[in-house]
Amino acid sequence: MPSKTHPKLTVAAVQAAPVFMDIDATIDKTIALMKQAAAQGATLVAFPETWIPGYPWWIWLNTPAAGMRFVQRYFDNSLSIDSAEFKRLADAAHALKVWLSFGFSERDGGSLYIAQALIDDQGQIVTTRRKLKPTHVERTVFGDGDGSDLTVADTAIGQVGMLNCWEHLQPLSKYALYAQHEQIHIGAWPSFSLYTGAAYALSGEVNNHVSQVYAVEGGCFVLAPCGVVSKDMQDVLCTDDMQRQLLQTGGGFARIYGPDGSPLGQNLPEGEEGLVIAEIDLSLISLSKSVADPVGHYARPDVARLLLNKTPGHRVVSHMPVGAVVDDLASAASASAAVA
């Protein structure tokens, strides 16, 4: 019997700044970076958290009232899944024959969500998801996801899952993806230039270790695209020296890791925009998992198990009153009798 083949593919993790709160210009920049990745042979290109239209950094710099000046503009430049702007991205993926993962502020009705999308090389939406629980002051802007957002997609390039930022500090959420035999994980980050030197937990050093540990724990490849804070963004967001100290320019730490935790590709200086590119070989996953598979032979389900509720969190569930159901059944029976 011939041995099973395992995909090998070139992947790209983006390190760049969006055109802040400008959806059309950021889509233009997205497509330009996709073209760069495709020209270097990339099959999959991944963009940072809330890449479109940028991360709302003002929530960390001032009071909610002071941030109200950004609310309408941010909402208007957020992305709806059924929009012409979303279709532009899908069409670009098709034209360039690349798989596309990107983070975006999803506009749905009057609410926003921290979202990610995966689009295949035919321009078809494979999956979209929302961040399960926005972190700290993010809750002043974004709503919650639900259990259906912890899903790994079975695709032609492998089992692909996605999380945003500090979702990687949620052990149960991580385990939910590991348990679906994730092979390629896209862990998107917004930038590591906030509270530099004052909050070590927010640093690139800590959070890149988080991505690296994810790769080892899950026995999977991790693409960790990362945003950059540009000088233009800082000028829009910061009104005084104190705020400029709190939110510095740079902060790009895009990385790619193998299933044994090894760094892959050539990293960029933190203020430089570009792509981290690496070839990945999914056959290496079985080697890593032969040593430690936390959802297989290395698990103890008799001691500890995860309860995962993947029911979508619909806000409205329509149903008929019992009396109406009985009337409908009686009408249907009468109609059937008449036909007979």
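A short reminder: the numbers here are calculations on the coordinates, not readings from a lab. This one's a predicted model, so the numbers in the text were calculated from it and none came from an experiment. FYI the Cβ positions are ideal-geometry reconstructions off the backbone, even for glycines, and counts take in every protein chain you see.
Comparing Pro190, Pro312, Pro269 in a Gaussian network model of the chain (Cα springs below 10 Å), the most mobile by mean-square fluctuation is Pro312. Consider all pairwise Cα distances in the chain and report the whole-number % of them above 33 Å. Percentage above 33 Å: 30.
Net charge within 11 Å of Val19 by Cβ-Cβ distance, Lys/Arg positive one each and Asp/Glu negative one each, not counting Val19 itself? Spelling it out: positives minus negatives among the neighbours equals -3.
Just to confirm a number: summing +1 for Lys and Arg and -1 for Asp and Glu over residues other than Ile277 whose beta-carbon lies under 15 angstrom from that of Ile277, what do you get? Residues close to Ile277 contribute a combined charge of -1.
For segment 133-183, the pair-distance distribution built from all alpha carbon pairs, in bins 10 Å wide starting at 0, is 24, 49, 23, 5 percent. Look at the alpha carbon pairs under 8 Å that are at least 6 residues apart: their mean separation over the length of the chain gives a relative contact order of 19 percent. When its C-alpha radius of gyration is set against 2.2 N^0.38 Å (N residues), segment 44-198 gives a value of 1.05.
Other residues lying with their Cβ under 13 Å from the Cβ of Pro64 contribute a combined charge of +1, Lys and Arg counting +1, Asp and Glu -1.
List, in the order given, every pair from Lys8/Lys310; Lys174/Lys310; Lys8/Lys131; Lys29/Lys133; Lys8/Lys29 whose Cα-Cα distance in the structure shown is over 23 Å. Checking Cα-Cα distances, Lys8/Lys310; Lys8/Lys131; Lys29/Lys133; Lys8/Lys29 exceed 23 Å. Gain on full extension, evaluated as 0.36 nm per residue between His319 and Thr63 minus their Cα-Cα distance, stands at 87.9 nm. The distance between label points at Leu306 and Ser262 comes to 2.7 nm (points 7 Å beyond Cα on the Cα→Cβ vector). GNM on the chain, alpha-carbon springs under 10 angstrom: the most fluctuating residue among Ser173, Ser230, Ser262 is Ser262. Placing pseudo-labels 7 Å out from each Cα toward the beta carbon at Ser283 and Ser83 gives an inter-label distance of 4.4 nm.
Using a Förster distance of 22 Å, how high is the FRET efficiency between Glu272 and Ala39, based on the Cβ-Cβ distance and rounded to 0.05? In this case the efficiency is close to 0.75. Histogrammed with a bin width of 5 Å, the alpha carbon distances of segment 11-120 distribute as 2, 13, 23, 24, 17, 10, 6, 3, 1, 0 percent, first bin at zero. Here each label is just a point 7 Å from Cα along the line to Cβ, and for His136 and Arg73 those points are 2.4 nm apart. Taking 0.36 nm per residue of separation and subtracting the Cα-Cα distance, full extension of the segment from Asp232 to Asp108 would add 41.8 nm.
Scaled to the globular estimate 2.2 N^0.38 Å, the Cα spread of segment 137-251, given as radius of gyration, is 1.21.
Considering only beta bridges that DSSP places wholly inside segment 8-291, some 65 percent are antiparallel. Qualifying trypsin sites (Lys or Arg not before Pro) in segment 85-184, where qualification requires a DSSP coil assignment and no more than 15 other C-beta atoms within 10 Å, comprise Lys97.
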